[in-house]
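For reference, the structure is listed below as structure tokens.
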Amino acid sequence: GLLFFFFLQGITLSRQFTSAFSSVEKISAELCSLNNKLEIKVSERTKELKDAYDTIRDISIRDPLTGSYNRRFIDDQLPKEIERAVRYGRPLSIILCDIDYFKAVNDGFGHLAGDNVLICFAGMLEKSLRGKIDWCGRYGGEEFLIVLPETAVSGAVSIAERIREKCTESEVVFGDQRIRFTSS
């Protein structure tokens, strides 16, 4: 009888261990699944935060009207460009360009027309630059700063002249008005 009791006790314990082991495996699988879902969610949220950060950073360094870099960006990046040019003994040219008689554009055609002229001018400047090497920013009002790393004075003069000629040839259409402008 005692032997039979031990045998039944062994079977009972064996079932309980098997049941406990199955429960542990099931919980472990659920935990792995939840862990994977959490990793995916963390990855998605990290990407969302990075995108939001990039958007906020872009807003903080771009002029809202023209899309060019703003004065904050210029004040931050220009000293770095100068330091790099000095350190490596490389040329660096800076062009300060201005829309001539811009007050007359605002007074004669209105500020919205003046805004369109600024947008057109900024677009012309951006198209005159070399990809990710050169950059330009709105220095203030109708003044723009163009930074040309690795460009000697002769190259900068050529670019400035090309921009001046483009401005002379272009016009901005605002409503039924055609606005011509020059830059220097």
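The values are calculated or read from the model by the stated rules, or taken from the named source; none is laboratory data. Predicted model, so just to flag it, every value in this text is computed and none were measured. Here the Cβ is made from the backbone with ideal geometry for all residues, glycine too, and neighbour counts use every protein chain on show. Areas reflect the complete protein model, heavy atoms only, side chains present, ligands, DNA and RNA absent. Shrake-Rupley method; radii C 1.70, N 1.55, O 1.52, S 1.80 Å.
Within region 141-161, the residues that satisfy the criterion of being of a type in the set (V, I, T) and under 20 Å from the mean Cα position of the chain (by Cα) are I146, V147. The lone criterion from (1) closer than 26 Å to F174 by Cα; (2) in contact with a strand residue (DSSP E or B) (Cβ under 8 Å, 6 or more places away or on another chain) left unmet by H111 is number (2).
The number of residues in region 41-72 that are farther than 26 Å from Y139 by Cβ and open to solvent by less than 100 Å² (accessible area, probe 1.4 Å) comes to 5. Residues of region 160-176 that are assigned to a helix (DSSP H, G or I) and either closer than 11 Å to I94 by Cα or open to solvent by less than 40 Å² (accessible area, probe 1.4 Å) (or both): A160, I163, C167. Just one of the listed residues (R138, R62, R164, R72) is more than 19 Å from the chain's Cα centre (by Cα) and among the basic types (K, R), and it is R164. Within region 61-108, restricting attention to residues that are in contact with a strand residue (DSSP E or B) (Cβ under 7 Å, 6 or more places away or on another chain) and among the aromatic types (F, W, Y), the residue that is nearest to L125 (Cα to Cα) is Y69. If the condition is being under 14 Å from A160 (Cα atoms), charged (D, E, K, R) and surrounded by 12 or more Cβ atoms within 10 Å (Cβ to Cβ), then region 107-142 contributes E126, R130, D134.
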